[in-house]
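Down below is the structure, laid out as structure tokens.
Each value in this text was obtained by applying a stated rule to the coordinates, not by laboratory testing. Computed from a predicted structure; not experimentally measured. A quick note on method: Cβ atoms are made from the backbone with ideal geometry, for glycine too, and the neighbour counts reach across all protein chains shown.
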Ligand code: SF4
Ligand code: SF4
């Protein structure tokens, strides 16, 4: 089985800002979606390993402004509500400001 790691976010002049979801570990439980105070997460069906799988993703709208969307959660500490909600440790934040 191939692990698929999806990155949502961007690098800009001030640093790198990504919500990272391991689609192999994600079981589509939706707990992170429920806990996100900004409603930035959603469940999405993706074609992975030759089958459809429902996994968490960052909604299109928030991908382009994730630095602002997520800032109140202090994602650099990796204790954001989405990260804490996920029992399978499928979601994490890569947050490095320069
Ligand atoms: S809480 Fe974890 S396992 Fe559940 S949908 Fe979110 S990322 Fe996937
Ligand atoms: S860091 Fe906060 S705002 Fe960003 S996806 Fe996670 S819970 Fe939602």
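Side notes on the structure shown:
- Shape annotation for the chain: C-alpha extents along the principal axes are 39, 24, 22 Å, from largest to smallest.
- Extension gain for the segment residue 43 to residue 10, taken as residue separation times 0.36 nm less the Cα-Cα distance, is 9.8 nm to one decimal.
- Euclidean distance of C-alpha centroids, segment 51-98 and segment 1-46, integer Å: 5
- Förster radius 30 Å - calculated FRET efficiency between residue 27 and residue 64, Cβ distance, rounded to 0.05: 0.65
- Computed helical MRE - 222 nm, the chain, DSSP H runs ≥ 4 contributing -39500 (n - 2.57), nearest 500: -3500 deg cm²/dmol
- Segment 3-57: projected area of the alpha-carbon convex hull, averaged over directions, in nm²: 4.3
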